[in-house]
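Undergrad: Sharing a structure with you now.
What follows is calculated from the coordinates using simple rules that are stated; it is not laboratory data. Just so it is clear, the structure is predicted and the values come from calculations on it, not from any experiment. For neighbour counting, all protein chains shown are included, and Cβ atoms are generated from backbone atoms with ideal geometry for every residue, glycine included.
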Amino acid sequence: MVFTAIFSLTVLIVLILPPLRPLMAMDTEFTGFLETRHNAQVKSPNDILASETLARLELTACHGNFTAFGAVNLSANHLLEDESGVSLHEGYLDYVLDSVNIRAGRQIIIWGQADGIRIVDNVSPLDYTETITRDFDEMRMAVDALNFKYASGWGDLQLLWIPIYNSGEQPTKDSPWYLGGYGSNKLLPRNEPDDPFKDSELAVRYTLYLSGMDLAFSYFYTWNDFPCYQRSGTALEPVYDRVHILGAEFSKPWGEFVFRTEAAYFAGSLVQGYDNDYFTAEKDRIKWLTGLDWYPGNDWTLAWQYAQDHILDSGSGLTESGCTKTVTFSVSKDLFREKLTLSAFGYMDIDVRDCLFRLTAEYEFIDNLEVFFGADIFEGDREGSYGRYKDNTQVWTKIKYHF
C-alpha cells in the first residue's frame, strides 16, 4: 500500500504537474456517468443480490504532447456498505511523440480477441465479486504500470512494467455469491508479492497488421491472480507463484464474417489440490479458443466461440478438471433506429453440462440516458462452475446517464 501511494504521487508530481503548469493553456474535458443497478433473486427467498449507485467522474487535460486522464468512482453499495466509498478507477499520463506513446499510471490493459473468456487477456485482473454476471469491461481492474508503445508500418510493439502486484477480487463472506471457502481451517494472512523491483511483472506484445489479417504474439511474466493454499501446521498458508505466459492471436475478416483464434501456454501455473489435505501443484497448461462473428446485416450480430483449458499432466487430487471445454454464443439485434438493443449471451460447459444465459434489453430513452432490463439464468450440475449458482438466478435493472 505504501509503495502504491508513493508510485501514484510520483506520477502526479513528477510527470503530470510540470507539463500542465500553465493551466490556462490546457484543453480540458469533463465527462462521466451516473448509474444505479439492482439485482433480485428469482427463487425464494427472493433476496436482493446486488444494489449499488455509482458515479464515475472523468477528467481529461491536454497540453502539447501530454494528456492526463483521471477517473474516480464514488460508490454507494446499498447491500454491502463496507464496499461503499471513493476509489481511483484510472489515472495516468500519456506522452505522444511521432510513433511513440508512453503511458504511466493506473490503467486498464486489454489483450486478445476472445469475448467473455480469458486466454491471453491476463494483464488486468478481474473482479469476481459477482462471479461473471457483469460485462468483462466492468470486471477488469486497473494496474499501476509503465506502458510503452511504438507504432511502425508493420505493427505495434508494446512493453509493460508493472511494479505493483494487483490480485483479483472474490466474493466476501457477507456476499450472496460466497459459497464457502476452506471450512473451519484457519487461513494465515496473505503474503502478497510486494517488492516493486524483484516482484515486478513484465510483458511484451507485438501486433502485426498484415493484408487482410491481424497477428499478435505476447509474453507475460506475472503472478497468479489468486493464491492457492497448502497445509502449514494447523493452518492453511496462501501461496503465490510466478507464471510465464506465451500468447498468440489471429483474426481475419471475410465478407460478413470475422474469424478469431488465440492460444496461450502457461508455464508453472499454480493449481489448488485437495486429496486428504490441501496442497499446491505447479502445472503447465494450454488455453486456446476459436471463434466466428457473423454480421448478416439488418442490425443483427451473431457470434460463437469454442475454448479449451487443458492442464498438462494433471494427475489426481486437483480441484480443477484436467480439461475444460466451454462453448459461448451471443446474438444481438438493434431495433427502432438503434434505440432498442436485445441481446443474449451464453456460457456452456460441455462436460459438466451446466450453463449461464444472460438476457439483456437496452433502451435509449433520450440522448445519454439508457435503461437496461435483464436476467442471468444459471442451470445444470451444482458441481459445475455455473450450476453451483443456480439458486442465484436473478433479474436485474440498471439506469445509466452519461454526461
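Undergrad: I'd like the distance separating the alpha-carbon centroids of the range 260-315 and the range 147-171, in whole Å.
TA: That distance is 21 Å.
Undergrad: Need one word for the chain: rounded, prolate or oblate. Basis is the Cα gyration tensor (sqrt eigenvalues a ≥ b ≥ c); a/c below 1.5 gives rounded, then a/b vs b/c decides. Working shown, then result.
TA: On the way: a/c = 1.26, a/b = 1.12, b/c = 1.13.
Verdict is rounded for the chain.
Undergrad: For the range 103-199, just say rounded, prolate or oblate: build the C-alpha gyration tensor, square-root its eigenvalues into a ≥ b ≥ c, call rounded for a/c under 1.5, and beyond that prolate if a/b exceeds b/c, oblate if not. Show your work: numbers first, answer last.
TA: Numbers: a/c = 3.08, a/b = 1.60, b/c = 1.92.
Since a/c reaches 1.5 but b/c is at least a/b, the shape of the range 103-199 is classed as oblate.
Undergrad: Between 146, 306, 32, whose Cα lies farthest towards the positive end of the dipole of the chain when Lys and Arg beta carbons carry +1 and Asp and Glu beta carbons carry -1, centred on the Cα centre?
TA: So the residue furthest toward the plus end is 146.
Undergrad: Whole-Hz Karplus ³J(HN,Hα) for the range 169-182, in order, using 6.51 cos²θ - 1.76 cosθ + 1.60 and θ = phi - 60°, x for Gly and Pro?
TA: Computed from phi, the couplings for the range 169-182 are 10, 10, x, 8, 5, 7, 7, x, 9, 7, 10, x, x, 10 Hz.
Undergrad: Okay, next question. Just in the range 292-381: which chymotrypsin sites (Phe, Trp or Tyr not before Pro) are loop by DSSP and have at most 11 other Cβ atoms within 10 Å?
TA: Loop-located and lightly packed - 336.
Undergrad: Does the range 299-403 come out rounded, prolate or oblate by the C-alpha gyration tensor, with a ≥ b ≥ c the root eigenvalues, rounded set by a/c under 1.5 and, if not, prolate when a/b is larger than b/c and oblate if not? Present the calculation step by step, with values, prior to reporting the outcome.
TA: Working: a/c = 3.07, a/b = 2.22, b/c = 1.39.
Verdict is prolate for the range 299-403.
Undergrad: Could I ask something else about it? Roughly how big is the range 189-243's charge dipole about its Cα centre, with Cβ charges of +1 (Lys, Arg) and -1 (Asp, Glu), in debye to the nearest 20?
TA: Values: 5 positive and 9 negative charges, 27 e Å.
With Lys and Arg at +1 and Asp and Glu at -1, about 140 debye.
Undergrad: Within a Cβ distance under 15 Å of residue 184, other residues only, what is the Lys/Arg minus Asp/Glu net charge? All intermediate terms of the calculation are to be shown ahead of the outcome.
TA: Values: positive: 173, 186, 231; negative: 277.
Around residue 184, the charge tally is +2.
Undergrad: Now for a different question. Calculate the dipole size of the chain relative to its Cα centre from +1 charges on Lys and Arg beta carbons and -1 charges on Asp and Glu beta carbons; express the result in debye to the nearest 20. Intermediate results must be reported in sequence, preceding the final value.
TA: Values: 33 positive and 58 negative charges, 37 e Å.
The dipole magnitude comes to about 180 debye.
Undergrad: For the range 324-360 and the range 184-198, what is the separation of their C-alpha centers, rounded to whole Å?
TA: Answer, in whole Å: 37.
Undergrad: Moving on. Under a straight-distance cross-link criterion of Cα-Cα below 19 Å, which aspartates and glutamates are reachable from residue 186, leaving out those fewer than 8 residues away in the same chain?
TA: Once the sequence-local aspartates and glutamates are set aside, what remains near residue 186 is 174, 237, 275, 277.
Undergrad: Which pairs in the list 339/398; 43/339; 43/390; 287/325 are over 20 Å apart, alpha-carbon to alpha-carbon? List each step's numbers first, then the result.
TA: Working: 339/398 16 Å; 43/339 32 Å; 43/390 9 Å; 287/325 10 Å.
Among 339/398; 43/339; 43/390; 287/325, the Cα-Cα distance tops 20 Å for 43/339.
Undergrad: Principal axes first, then extents: for the Cα atoms of the range 243-367, list largest minus smallest coordinate on each axis, whole Å, largest first.
TA: The principal-axis extents, from largest down, are 59, 31, 28 Å.
Undergrad: Test of understanding: ordering 141, 348 by Cβ neighbours within 10 Å, fewest first, what list do you get? All intermediate terms of the calculation are to be shown ahead of the outcome.
TA: On the way: 141 16, 348 19.
Neighbour counts put them in this order, fewest first: 141, 348.
Undergrad: Next question. Given the DSSP H assignment, sum -39500 (n - 2.57) over each helix run of at least 4 residues in the chain and divide by its residue total; what's the result at 222 nm in deg cm²/dmol, nearest 500? Walk me through the numbers before you get to the answer.
TA: Working: 2 runs with 13 residues, N = 403.
Using -39500 (n - 2.57) per qualifying helix, the result is -1000 deg cm²/dmol.
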